[in-house]
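Each remark here refers to the structure printed beneath this line.
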Amino acid sequence: KYGTIFIYNDAFLTTPDKKVLVHCDKIQDTVNIPYGTETIGRLAFATITNIAYKVILPDGIIKIEEAAFASSDGLTKINFPDSLQILGEYSFWSTELCDVQLPDNIEEIPEGCFKYVYIEKLHLPSKLKHIRCAAFVGLSCDEVRLPQNIETVDSWSLDGHYEKIYIPNS
């Protein structure tokens with residue numbers, strides 16, 4: 001997808017223009033994604049286990065691709081900068097995130113994005129239009145507030161445990 005030439009620098013494998021982070025091979029307490037990165041590539045952090053870590057995304061991140069952090073049970077915290085617009089399917093499947101504060105630019109939560117992530121605190125974007133199938137299976141919040149612009153909530157998308165769900169008149 002990104003060609004055959006990559007650059008390795010400070011534990012990060014990237015495309016030559018450094019806009020796509022393809023892989024990270026050294027995980028410590030905190031992983032600071034380099035400024036200038038626009039995309040976290042498919043499977044870049046997938047299946048990282050046995051170490052608790054947090055990820056700090058810089059402003060300028062636009063996309064987190066399919067399964068980028070899938071089954072990475074060490075991921076406990078990640079910030080989502082306002083520049084983020086696109087999440088890939090199953091991008092955070094089976095991680096240890098419990099606080100998800102998504103920026104308002106995201107219009108779709110794709111299939112399985114936060115599947116088996118036992119989120120306790122959830123902020124859905126104000127511009128959110130679609131929540132796809134199984135997006136939040138395992139949700140464990142006191143309440144869920146769907147934004148005013150929501151158009152589609154697919155089956156099983158909010159399968160979990162919560163006391164209240166606020167559905168807008170729209």
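If you go through region 55-74 and keep only what is at pLDDT 95 or above and either aliphatic (A, V, I, L, M) or more than 12 Å from the chain's Cα centre (by Cα) (or both), you end up with Val55, Ile56, Leu57, Pro58, Asp59, Gly60, Ile61, Ile62, Ile64, Ala67, Ala68, Ala70.
Scanning region 26-37 for residues that are in contact with a strand residue (DSSP E or B) (Cβ under 7 Å, 6 or more places away or on another chain) and part of a loop (DSSP other than H, G, I, E, B) gives Ile27, Gln28, Asp29, Ile33, Pro34, Thr37. Looking at this structure, is Gly41 in contact with a strand residue (DSSP E or B) (Cβ under 6 Å, 6 or more places away or on another chain) and within 21 Å of Ile119 (Cβ to Cβ)? It is false that Gly41 is in contact with a strand residue (DSSP E or B) (Cβ under 6 Å, 6 or more places away or on another chain) and within 21 Å of Ile119 (Cβ to Cβ). For region 146-165, indicate whether the set of residues that are within 28 Å of Val20 (Cβ to Cβ) and part of a loop (DSSP other than H, G, I, E, B) is non-empty. Checked against the condition, which is being within 28 Å of Val20 (Cβ to Cβ) and part of a loop (DSSP other than H, G, I, E, B), region 146-165 yields no hits at all. Comparison of Tyr118, Tyr90 shows that the only residue that is farther than 26 Å from Ser170 by Cα, open to solvent by 10 Å² or more (accessible area, probe 1.4 Å) and at pLDDT 95 or above is Tyr90. Selection of first residues in region 159-170 that are among the hydrophobic types (A, V, I, L, M, F, W, C) and of second residues that are modelled with pLDDT of 85 or more, restricted to Cβ pairs under 6 Å at least 6 apart or on distinct chains, gives the following pairs, ordered by first then second residue: Ile165/Val144; Ile167/Leu146.
Looking across Asp82, Asp73, one residue alone is free of Cβ contacts under 8 Å to residues at least 60 places away in the same chain, touching a Ser or Thr at 6+ places or on another chain (Cβ under 6 Å) and of a type in the set (Asp, Glu). It is Asp73.
For region 71-86, what are the residues that are under 15 Å from Ala135 (Cα atoms) and either basic (Lys, Arg) or crowded, with 23+ Cβ neighbours inside 10 Å (or both)? Scanning region 71-86 gives no hits. Within region 44-72, restricting attention to residues that are among the charged types (D, E, K, R) and out of contact with any strand residue (DSSP E or B) (no Cβ under 6 Å at 6 or more places or on another chain), which residue is farthest from Tyr116 (Cα to Cα)? Filtering region 44-72 for residues that are among the charged types (D, E, K, R) and out of contact with any strand residue (DSSP E or B) (no Cβ under 6 Å at 6 or more places or on another chain), the one farthest from Tyr116 (Cα to Cα) comes out as Asp59.
The values are calculated or read from the model by the stated rules, or taken from the named source; none is laboratory data. Remember, it's a predicted structure, so these values are computed and weren't measured experimentally. Counting neighbours? That spans all protein chains shown, and the Cβs are built from the backbone with ideal geometry, glycine included. Ligands, DNA and RNA are excluded from the accessible area calculation, which covers all protein heavy atoms including side chains. Shrake-Rupley method; radii C 1.70, N 1.55, O 1.52, S 1.80 Å.
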